[in-house]
Structures are given as C-alpha cells and as structure tokens.
Amino acid sequence: MTGLMLVLPAGAIAQTTDLPAATNAIKEWEALSKRGDAEAQFALAEAYKWGKGVKPDLKKAEMYYGKAAAQGHMQASDEYGLMLFDRGEKESAFPYVKAASDRGDARAQYLVAIAHFNGDLAPKDWVRAYALMSLAQTAGLPQAGVALPKFDQFIPLAQRQQGVALSQQIATEAEATRNRQIASAGLGATAVPPAYAPPPIQALPRAVIPAPENAVAAAQQTASEANPRIAGADYARPRVIAQPPAPKPALVVASAPPKPVVLAPSTPRPTITAPSAASNGSWRIEFGAFGVNANADALWSKLKVRPELAGHPRFNAPAGSVIKLQAGGFSEETARGTCGKLTAAGFTCVPVRN
C-alpha cells in the first residue's frame, strides 16, 4: 500500500531488532499520541499489531488506528477499516474499505469486488467487480488470483472485456486520488513512521479455488486464521495455511461455515437517514485539505445540496498553509453513517472529532 514517506522523531528508530531502542521509541510515540499526534498514534498501532517493542495487542492496535483515522490519517484509516471488517463490523468498515480501494489498495479492491459481485454492501455490478478483482490480481494479491478464474466462469465474456477496459480507468483514477490525498495530508504534517520494515508477501498455494460467493473466506486463509486486513499486504507477515476443500461452484451463497465469513449480513441492514438540522454533535466530516479557497468552495457547492448534509454547516479548519473543508454538527454514529453514504455517492470523506 502506497503511503507517505515518513521521518522519525528524535530518538526513534526506522528498523531495529534492539528491544531497548524499540522501547524508547514506544515511549516517545506514547507521549506524542497523548498530545493528539496522528502519526504517533499510527506508529503505536503498528507496534501493537506486530509486537515491536511491546506485547502484540490487536485491541490496542485497533484503538490507535481508530484515533489516527479520526484525524484523517490515510494508512490508519485503511488498517482500521480492515480490522473492523475482520471482526464482523462490515457495514461500519465498508466506507473505510471503499476509500482504501479508491486509493488503489489491493486488499480493499478485492473486498469491494466481492461486494459488487454479490450485490451486498455495494450495488451489484459485475463489470466493476471484474475490474477491481483484476487490479487486485495484477498487484499480486494471492486471493485475487484464486477468485478471478471463478469470476471467469460466472461473468459473461462481454462484461469481462468491459471490466478489463474499466480497470485501466480505475487504476488511473486511484493514482490521482492517492497522490492528491498524500499531497494534502503531507502539508504541515509532523511525520512519525513505524519502527520496523515489514517483510514481503508470499503467495498462498493454489490448491483450492473457492467459488466467488465464498471468496471472502479465501481472504481469511493467510495468517493467524487469517483475514483480509493483512491478506496480501506488502507489509503482512508471510504464513501459509492450507485451505479446506471448496464446495462445488454455484450461483447461490453457500451455507454458513462454523465461523461466518460471507459478506451477506444475517440481520436486516439498518437504515441511515440524513442528519436533522438540529444536529449539534461534536463530530465533523472532512472532505480534504485545500491550499486554494476557490477549490474548497467548488467542492462545497456540490456537497451542500446533498440531502445527507442538510442542516449541517460548513467549517474551514486551518491547518498550516491549508484549510480543511468540513461539515459539522454530527454525533460519531451519524458522522460515520453519513460519510459512508457520501463515499458511496463518489465523494471522499472521513469522520473526525471536533
């Protein structure tokens, strides 16, 4: 996953097996994190995720990812969404996963492709599903290489051809989105990287090719009973686990295994309504950072007519030489729900605490 090139604070370390040095870095990041430093929070999340200088603790890793994500940290947002998805909070996770996919993250593209294939969490769109799965496969994600041949069996040739053409457009748009957001996030930021260099990925054995309906299960066969949040990441721990035999391909969703992994929710999806004009919560939705006010004005002219933002005022939050365009007056729940709907409508956003 492409991200910012980060600079260590004084006393921190980029790559080390020296436990005292790693411990010192953790102390510095903890101090910075308490002062609200998003990069330090991201670094702590990575440390707790991989056990570098601290005992591995995925709950703490998720907490720190969430803190950094709430401040607009892109890499933290990607990891937070994948961790939410991994523990079954698929609807809460999907806006983060969709945003990561829009930036070109292969793991997220894989999950969004499955969502479009099944018509669950996203509109059923086999052309876009094939395009995204093709991009994930090209990026080297092992699960995508397993799922794509099954897509070939179900998706008509004409739609597969359209998907290949669309994949080039999506790749170009993802690169532009990624570069724009990295440039915006980098202005005036204090950078703090994780204290290790993760190992490269290893492909899974192609012993089993699951049906597309069960493709999420394949994403959970990589490591630690594995899950999509580290499946095929360029910084994931390599571990190969044999996959169980797959059922005969069918267009219906397979019966639930002991631990459900299909995208289809077992309960009706809650309806997310537009926030009321009286909403006065302490959360905002952020739409990006702008060095030119006219660009922020142009985006707001498109956003202010959205029913999801009815009654929510615009805020220009100064951040160094740029302003962050925000809409305010949300609770945490409505901020996340509204951002999810706006993301589905093609806008990039992230919930942040005021």
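Things to note:
- Environment charge at Gln168 (Cβ cut-off 15 Å; Lys +1, Arg +1, Asp -1, Glu -1): 0
- Inter-label distance for Gln168 and Asp152, nm, one decimal - labels placed 7 Å from Cα along Cα-to-Cβ: 2.1 nm
- Per-selection Kirkwood Rh - segment 109-153 (Cα, Å, 1 d.p.): 9.9 Å
- Enclosed volume per residue, in Å³, of the convex hull spanned by Cα atoms of segment 28-81: 60 Å³
- Given Lys60/Lys90; Lys302/Lys341; Lys60/Lys341; Lys59/Lys124; Lys98/Lys304; Lys67/Lys90, the pairs whose alpha carbons are separated by over 26 Å: Lys60/Lys341; Lys59/Lys124
- If you bin all the Cα-Cα distances of segment 86-173 at 10 Å, starting from zero, the percentages per bin are 19, 56, 23, 2.
- Largest-first principal axis extents, alpha carbons of segment 281-353, Å: 31, 22, 19
No lab work stands behind these numbers, since they all come straight from the coordinates. This is a predicted model, so every value here is computed, not measured. Because the Cβ atoms are built from the backbone with ideal geometry, glycine has one as well, and the counts that use them run over all protein chains shown.
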